[in-house]
Structures are given as structure tokens and as C-alpha cells.
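Visitor: Supplied in C-alpha cells, the structure appears directly below.
The values are calculated or read from the model by the stated rules, or taken from the named source; none is laboratory data. Given the structure is predicted, the values throughout are model-derived calculations rather than measurements. Positions of Cβ are generated from backbone atoms using ideal geometry, with glycine treated the same way; all protein chains shown enter the neighbour counts. Remember, those area values only see protein heavy atoms, side chains included, never the ligands or the DNA or RNA. Shrake-Rupley method; radii C 1.70, N 1.55, O 1.52, S 1.80 Å.
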Amino acid sequence: MHRADYARVEKAILYLEENFRRQPGLKEVARKAGLSEYHFHRLFTRWAGISPKRFLQFLTAEYARGLLRESPNVLEAAYEAGLSGPGRLHDLIVNVYAATPGELKGRGAGITIRYGLHPSPFGDCLLAVTDKGICALSFLAGRRPAEAVEELRKGWGKANLVEDKNATKAVAGRIFEPSRQSGVPPLNVIVKGTNFQVKVWEALVRIPPGCAASYEDIAVRIGSPGAVRAVGNAVGRNPVAFLIPCHRVIRKTGAFGNYGGGAARKKAILAWEAARKTFPDRKEMDGKQEI
């Protein structure tokens, strides 16, 4: 997808959210995205895999509350089956590893981090890898690339940072292209955090795509039911977006909540995943539909 495509999709999602009660038609939303009805419908369906009309159902609080009602059973099954259970054969499997005490104390000294800027279905992102695995992934979300690099540098103060898009390109492809995920080895993620934060991030990777959990669900799952606020802080400090799916944690009211890459991006990712779960082989590329 061209990087301008997601910007149009995000603009459409924001417009739908702001005008949800009066249900604007396809022509109106397409105009807001700066396209004809035909071209908007094709662009949106190419991005989501389904039509705008079907996609809209995944953006509602009612749908989100339905996900939360299912989450206790989903999480229980996920933990029992493990990351490589039979229900996850076509998912992107992620292993979370904590940085060693020496790496934490040395603030990355002696480590080479290669990074690159890549397009994704949700806008440009900065991806960074070490010899042990992925150490950072963040969506630019309106920031300049230099700002994202500086944030990476602060997190790994004494590491040797090398811009090397060729080294990160194949990894980016695996992350954002579902067709390349079946039968491939897991992706390793290397994180710096407290024991509690790492425990939360490990819990997040067990939430399957197309599902969601509340902060309370995660707190219970890690054995700290009274630490809901601390769970929220750990979710907010997630250094590897999308792969550690903090976007799959929503409020128990059904509200989607905040996200480091912006609330609209969080909704877009959740609905994109839900569409692939619900209509894995469906493509509605042609014709015009009302939203």
C-alpha cells in the first residue's frame, strides 16, 4: 500500500467516528478522503480486505464490548495452548525476551542496532533490530523520522545505531504481510523494562489477532488483580508496537482508549485484524456500496 493510502483511510475513519449517529453515505466519506466513490471504495477495500460498510461494524463500542465478553475464555484458551497452539498456525508468533542485567546496566553498550523506515498498512514506521531480535517498532504518526530515531537513541543510550534499511526490510515484510506468516519461525523481541512490565508485555502477545482484553483481564492473568493502573502504565510504555499488541487492550466499558500512535490508528489496527479474522478469504473489490 502506498503511504498516502493509509492517510486517506485514517481520515475516513475519523470522519465516520465523528458523524457516526447520522451514518454518512459512501459519497460523503469519499469526498472527505479526497477521492471519487469508486476509487475510495477500491482503495478502502484493498486496504481492509472488506468494504467500508462491513468495516464500520468493527469500529463500534458494541462490537468492542462483545470482544471483552469473549476475552476471559479466549485468554484461557490461548494460555493453555501456548503461542504455537493449533489455533495460531497462521498467526505471527512473537517471543518476548528481556534484556539481560548487563545490557540494562550498560544501556546497550557493545550492541549494534540497525534501523530503517518502512511503509506499513498503518502508516510509516521505524523498525530497529539487534542480533538477538527486534528492539523497537514505532509508527511515525506525524513525527519526523529524526524524532523517532532520537527516541530510539534515548532508550538504548550507549548502543551503536546504524541506519540500514536493507537489514530491516525483510523483517518489516514478515510483520505486515499475513501471507508470509504461515510456517515461518517466530519473531524474537528484545525489551528493556522492569520485571512487571515484561510480564505484562508477555501477556499481551498471547492475545490472538481479532481479539481484545481489558486492563483488568491482563492484571488478573498475570496474577496481580489489584495492579490495573500499573498494567495501564506498562501497556503505555510498550517499546515494540503492533508485535507486542497493546492495541488489543481496551477499556472495560468498550471504549477503545488511547494509543501511542493515535486513537484512530488503534481503531484501524483492531478493525483491520477483526476483518481478517471474520472474512479471511473475502475480497469485495468491485461495485459501490453505501456505508
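Visitor: Hey, could you check region 63-86 for residues that are open to solvent by 70 Å² or more (accessible area, probe 1.4 Å) and more than 18 Å from Asp217 (Cα to Cα) and say which is modelled with the lowest pLDDT?
Guide: Filtering region 63-86 for residues that are open to solvent by 70 Å² or more (accessible area, probe 1.4 Å) and more than 18 Å from Asp217 (Cα to Cα), the one modelled with the lowest pLDDT comes out as Pro86.
Visitor: Within region 152-182, can you find the residues that are open to solvent by 80 Å² or more (accessible area, probe 1.4 Å), modelled with pLDDT of 90 or more and not in a strand (DSSP E or B)?
Guide: Across region 152-182, the qualifying residues are Arg153, Lys154, Lys158, Lys165, Asn166, Lys169.
Visitor: Is one or more of the residues making up region 100-116 open to solvent by less than 40 Å² (accessible area, probe 1.4 Å), at pLDDT below 85, over 21 Å from Ala241 (Cα atoms) and in a loop (DSSP other than H, G, I, E, B)?
Guide: Looking through region 100-116, none of the residues is open to solvent by less than 40 Å² (accessible area, probe 1.4 Å), at pLDDT below 85, over 21 Å from Ala241 (Cα atoms) and in a loop (DSSP other than H, G, I, E, B).
Visitor: List pairs: first in region 67-91 and closer than 25 Å to Arg174 by Cβ, second at pLDDT below 75 and loosely packed, with under 11 Cβ neighbours inside 10 Å, Cβ under 6 Å, 6+ apart or cross-chain?
Guide: His90/Ser182
Visitor: Out of Val149, Val129, report the one residue that is touching a strand residue (DSSP E or B) at 6+ places or on another chain (Cβ under 8 Å), among the β-branched types (Val, Ile, Thr), under 13 Å from Val191 (Cα atoms) and modelled with pLDDT of 90 or more.
Guide: Numbers: Val149 fails: under 13 Å from Val191 (Cα atoms).
Testing whether each residue is touching a strand residue (DSSP E or B) at 6+ places or on another chain (Cβ under 8 Å), among the β-branched types (Val, Ile, Thr), under 13 Å from Val191 (Cα atoms) and modelled with pLDDT of 90 or more leaves just Val129.
Visitor: If you go through region 129-145 one residue at a time, do you hit one that is farther than 30 Å from Ala227 by Cα and acidic (Asp, Glu)?
Guide: yes
Visitor: Got a number for residues in region 30-43 being under 10 Å from Val9 (Cα atoms) and either outside any helix (DSSP H, G or I) or in contact (Cβ under 8 Å) with a residue 40 or more places away in the chain (or both)?
Guide: Selection size over region 30-43: 1.
Visitor: Looking only at region 50-62, count every residue that is modelled with pLDDT under 85 and part of a loop (DSSP other than H, G, I, E, B) and tell me the total.
Guide: Within region 50-62, residues that are modelled with pLDDT under 85 and part of a loop (DSSP other than H, G, I, E, B) number 1.
Visitor: Also: Can you tell me which of (1) within 20 Å of the chain's Cα centre (by Cα); (2) modelled with pLDDT of 85 or more is the one Asp5 doesn't meet?
Guide: With respect to (1) within 20 Å of the chain's Cα centre (by Cα); (2) modelled with pLDDT of 85 or more, Asp5 is out only on (2).
Visitor: Out of Tyr215, Tyr259, report the one residue that is more than 17 Å from Gly123 (Cβ to Cβ) and among the aromatic types (Phe, Trp, Tyr). Walk me through how you get there before you give the answer.
Guide: Values: Tyr259 fails: more than 17 Å from Gly123 (Cβ to Cβ).
Of the residues listed, the single one that is more than 17 Å from Gly123 (Cβ to Cβ) and among the aromatic types (Phe, Trp, Tyr) is Tyr215.
Visitor: I'm checking my understanding of the structure. Among residues of region 203-219 that are surrounded by 19 or more Cβ atoms within 10 Å (Cβ to Cβ) and part of a helix (DSSP H, G or I), which one is nearest to the chain's Cα centre (by Cα)?
Guide: Leu204
Visitor: Test Val200 against the stated conditions and say whether it is in a strand (DSSP E or B) and farther than 20 Å from Gly262 by Cα. Before you say what the answer is, go through the steps one by one.
Guide: Values: in a strand (DSSP E or B): no; farther than 20 Å from Gly262 by Cα: yes.
No, not satisfied.
Visitor: Additional query: How many residues, within region 134-148, are buried (at least 19 other Cβ atoms within 10 Å of the Cβ) and either in a helix (DSSP H, G or I) or not β-branched (Val, Ile, Thr) (or both)? Full working, then the answer.
Guide: To start, the set of residues in region 134-148 that are buried (at least 19 other Cβ atoms within 10 Å of the Cβ) comprises 134-139, 148.
Narrowing the set further to residues that are either in a helix (DSSP H, G or I) or not β-branched (Val, Ile, Thr) (or both) leaves 135-139, 148.
Residues that pass the stated criteria total 6.
Visitor: Based on this model, can you work out whether Ala234 counts as in a helix (DSSP H, G or I), over 11 Å from the mean Cα position of the chain (by Cα), more than 24 Å from Arg276 (Cα to Cα) and in contact (Cβ under 8 Å) with a residue 40 or more places away in the chain? Walk me through how you get there before you give the answer.
Guide: Details: in a helix (DSSP H, G or I): yes; over 11 Å from the mean Cα position of the chain (by Cα): yes; more than 24 Å from Arg276 (Cα to Cα): yes; in contact (Cβ under 8 Å) with a residue 40 or more places away in the chain: yes.
It is true that Ala234 is in a helix (DSSP H, G or I), over 11 Å from the mean Cα position of the chain (by Cα), more than 24 Å from Arg276 (Cα to Cα) and in contact (Cβ under 8 Å) with a residue 40 or more places away in the chain.
Visitor: Just a yes or no: is a residue in region 243-253 open to solvent by 20 Å² or more (accessible area, probe 1.4 Å), within 18 Å of Leu92 (Cα to Cα), in contact (Cβ under 8 Å) with a residue 40 or more places away in the chain and of a type in the set (Ser, Thr, Tyr)?
Guide: No, because not a single residue in region 243-253 is open to solvent by 20 Å² or more (accessible area, probe 1.4 Å), within 18 Å of Leu92 (Cα to Cα), in contact (Cβ under 8 Å) with a residue 40 or more places away in the chain and of a type in the set (Ser, Thr, Tyr).
Visitor: Being modelled with pLDDT of 90 or more and more than 28 Å from Arg144 (Cβ to Cβ): is that true of Asp217 here?
Guide: Values: modelled with pLDDT of 90 or more: yes; more than 28 Å from Arg144 (Cβ to Cβ): yes.
Here the answer is yes, as Asp217 does meet what is asked.
Visitor: Quick check, is Glu147 within 24 Å of Lys266 (Cα to Cα) and more than 17 Å from the chain's Cα centre (by Cα)? Explain how you work it out, then say what you get.
Guide: Numbers: within 24 Å of Lys266 (Cα to Cα): yes; more than 17 Å from the chain's Cα centre (by Cα): yes.
In short, yes.
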